[in-house]
Amino acid sequence: MADTMTKTEISISVIKLKTKLNDIVPDWMMFGIQLGVPMTKLRSIESSRYHSRSTDDKFTLMLTKWLEISTDQTWSNISTALEAIGNRRLACSIKDKYGEGNVTVDATDLQTILKEVIPNWIHFGLMLGIPKIELDIIDDRNPYSQYLFETLEYWKDNGDFTWETLIDAVRRIGNEKLAMALEKDYIVQT
């Protein structure tokens with residue numbers, strides 16, 4: 001049976017979300033059930049294919065899958081799932097801090113993941129499909145430290161904002177090691 005990949009929109013910062021939910025990593029499967037991740041997807045993550053992965057990696061894959069399929073990416077949904085698995089303290093903390101709002105992506109988190117591409121940011125931007133004229137504008141208006149951030153923000157607002165597109169761009173600028181790491185961490189193959 002061949003592996004198939006579906007497009008995984010980057011609609012949240014998995015790193016930021018995982019940091020906030022670090023206390024429940026060991027309960028990743030129960031949390032995934034409460035978030036509505038299909039059992040087949042959870043079993044796929046738990047399967048022998050991922051058996052050697054750490055619980056932390058499996059938690060990341062589960063969150064990525066939830067973000068891919070969920071139409072209710074809210075802190076309220078997360079709080080409800082936390083309460084359902086018995087973590088009322090964290091549920092209340094999340095509710096108090098974030099309320100009912102949507103969980104949104106932060107280009108700063110993507111910039112942290114992609115720090116290796118900063119020296120090649122223009123080539124990377126072109127591989128993301130950003131027109132050269134827009135990259136020139138980013139270059140003219142920002143200090144060097146902001147180039148990648150502004151490139152990612154432009155791509156988020158105007159491009160095919162998926163992990164697959166991001167990984168393809170990283171691969172196309174010659175960073176196979178980072179591309180493989182991103183695939184491992186953010187793409188669930190079924």
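Please enumerate the residues belonging to segment 76-105 that are outside any helix (DSSP H, G or I), modelled with pLDDT under 75 and crowded, with 16+ Cβ neighbours inside 10 Å. Break it down stepwise before answering.
Taking segment 76-105 and keeping what is outside any helix (DSSP H, G or I), we get 85-87, 99-105.
Retained after the next criterion (residues that are modelled with pLDDT under 75): 99-105.
If the condition is that a residue be outside any helix (DSSP H, G or I), modelled with pLDDT under 75 and crowded, with 16+ Cβ neighbours inside 10 Å, then V103, V105 are the ones that fit.
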Report task. Would you please name the residue that is farthest from the chain's Cα centre (by Cα), looking only at residues in segment 26-49 that are β-branched (V, I, T) and farther than 13 Å from T64 by Cα? Result -> T40
Query raised in the report: Are any residues in segment 146-180 part of a helix (DSSP H, G or I) and among the aromatic types (F, W, Y), and if so, which ones?
Result: Y147, F149, Y154, W155, W163
Report task. Output the number of residues of segment 29-75 satisfying the condition of being crowded, with 16+ Cβ neighbours inside 10 Å, of a type in the set (S, T, N, Q) and at pLDDT 80 or above. Result -> 2
Query - Matching residues, segment 114-145, being under 15 Å from L182 (Cβ atoms) and outside any helix (DSSP H, G or I) - result: L114, L128
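The values are calculated or read from the model by the stated rules, or taken from the named source; none is laboratory data. Everything numeric in this text was worked out from a predicted model, so none of it was measured. Here Cβ is always computed from backbone atoms with ideal geometry, including for glycine, and neighbour counts include all displayed protein chains.
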